[in-house]
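Bear in mind these aren't lab numbers, they're just calculated from the coordinates by the rules spelled out. These numbers come from a predicted model, not from an experiment. Please note: Cβ atoms are built from the backbone with ideal geometry, for glycine as well, and neighbour counts cover all protein chains shown.
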Amino acid sequence: MEKMTRRDMLGRSSLLVASLGGGLPLVSTIDELGGTNRKLKVVVAGAHPDDPESGCGGTIALYSDRGHEVVILYLTRGEAGIQGTSTQEAAAIRTAECQKACAILKARPAYAGQIDGNTEVNRSRYDNFRKILGAEHPDVVFTHWPIDTHRDHRAASLLVYDAWLESGRKFALYYFEVDQGEQTQVFHPTHYVNISLTESRKRAACFAHASQQPETTFYPLHEMMNRFRGMECGVGLAEGFVRHYQNHETGVPEP
Ligand SMILES: [Zn+2]
């Protein structure tokens, strides 16, 4: 299991481990980052407000707690996500919810300018997205798994994948899952992150998206996913990811 592999590596190789307040270890890989312990730039690209939070909110909180910089890049502002509300009004409400969620996770929100329910994947969209993502100079990028029932999720995944290819596979690429079984399909994690200590902030960040009624719509399922992925890797609560292996690895936070 990857978790053990990385822990073994921690013992053997050039990884710095220090202690932060609250007992969380500070772990930064140095072997693939030029031999220095440096701050990582992490970008989590999701289609809608609440996707990055539900797919990897616990992991985002771990990265930011450990001093890494996290940007949540929303492809749309959830324009179609509030029934009976104009697209403009919904975008304004949901942008405010994004800001609240990002504050909880100590991440910076950014927006890629597409429209919920009407995302496009074509040459100019690829170019535009590549520029937006490239401007962040990410070391690690998380995005939707490409086999997902929601068109916008698939669009986000393809846009990130193309930007990754065009960059020369420059950053570590991980896929996250949302609404396992209902949205994300045939997803089998290669990596797990123990979010037992940060699940409460993941939950709060998801609940910041109050217009989506997370308590009845998506969080109960994510609670089960957190437990299920935790069982798979032998911890209380976890998030699972698939890493594209054609790049050098920039690790996910260790417990
Ligand atoms: Zn979504």
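Summary table
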{"read-out": "Check on LYS100, assigned to a loop (DSSP other than H, G, I, E, B), within 22 Å of GLY67 (Cα to Cα), among the basic types (Lys, Arg) and away from the ligand (no atom under 16 Å from the Cβ)", "value": "no"}
{"read-out": "Residues that are hydroxyl-bearing (Ser, Thr, Tyr), more than 16 Å from the ligand (Cβ to nearest atom) and surrounded by 18 or more Cβ atoms within 10 Å (Cβ to Cβ), drawn from the range 176-195", "value": "TYR192"}
{"read-out": "Residue in the range 106-117 that is farther than 13 Å from VAL43 by Cβ and in a helix (DSSP H, G or I) present", "value": "no"}
{"read-out": "Pick from the range 148-175, criterion more than 16 Å from the ligand (Cβ to nearest atom) and closer than 14 Å to PHE129 by Cα, ranking: surrounded by the most Cβ atoms within 10 Å (Cβ to Cβ)", "value": "ALA163"}
{"read-out": "Candidates GLN88, GLN83, GLN99, filtered to the one that is surrounded by fewer than 22 Cβ atoms within 10 Å (Cβ to Cβ) and either within 17 Å of ASP152 (Cα to Cα) or under 16 Å from the mean Cα position of the chain (by Cα) (or both)", "value": "GLN99"}
